[in-house]
Amino acid sequence: MEIKTLQSEVDAWIKKYGVRYFSELTNMAILSEEVGELARIMARRYGDQSFKEGEKSDPADEMADIIWVVVCLANQMGIDLEEAIARNFEKKTARDSSRHINNPKL
């Protein structure tokens, strides 16, 4: 799915089922919560902790939740994520084009 399409479909869903966007501050708190849920899964799957009985264990679902909330915030703030990501690639390429290649740790 194209990012522009994603932004448009999330906006349509919010207007149809969500009534309106939560405030930006509420969405920021929700984003933090979703990242925490992904962190819990990662800690259980790759770290030293084990899953509790009935605990969520699907990182894909949590990643999708994170993307959903980021798209909501972008829509609320008038950010075109395709443009923002393109600029971010340019920034990273200019800054890091040889940094990682020349990193002996990698």
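Among ARG44, ARG95, ARG20, the residue with the largest mean-square fluctuation in a Gaussian network model of the chain, with springs joining Cα atoms closer than 10 Å, is ARG95.
Taken over segment 3-95, the ratio of Cα radius of gyration to 2.2 N^0.38 Å equals 1.29.
Neighbours of GLN7, meaning other residues whose beta-carbon lies under 14 angstrom from its beta-carbon, give a summed charge of -4 when Lys and Arg score +1 and Asp and Glu score -1. Given R0 = 25 Å, the distance between the Cβ atoms of VAL19 and VAL70 translates into a calculated FRET efficiency of 0.80. Near GLU62: Cβ cut-off under 13 Å, other residues only, Lys/Arg at +1 and Asp/Glu at -1. The net charge is -3. Residues of segment 62-106 with an amide N closer than 15 Å to a point placed 7 Å from the Cα of THR26 along the Cα-to-Cβ direction: 69, 72-73, 76. Between ILE101 and MET1, the FRET efficiency from the beta-carbon distance, with R0 = 30 Å, is close to 0.40. In the chain, helices alone account for a calculated mean residue ellipticity at 222 nm of -22000 deg cm²/dmol, with every DSSP H run of four or more residues adding -39,500 (n - 2.57).
Each Lys and Arg contributes +1 and each Asp and Glu -1, all at the Cβ; summed about the Cα centre of segment 29-93, the dipole is approximately 280 debye.
Among MET28, MET1, MET77, the ranking by other beta carbons within 10 Å of each residue's beta carbon, starting with the fewest, stands as MET1, MET77, MET28.
Coordinate-derived values only; no laboratory data. Source: prediction; values computed, not measured. A quick note on method: Cβ atoms are made from the backbone with ideal geometry, for glycine too, and the neighbour counts reach across all protein chains shown.
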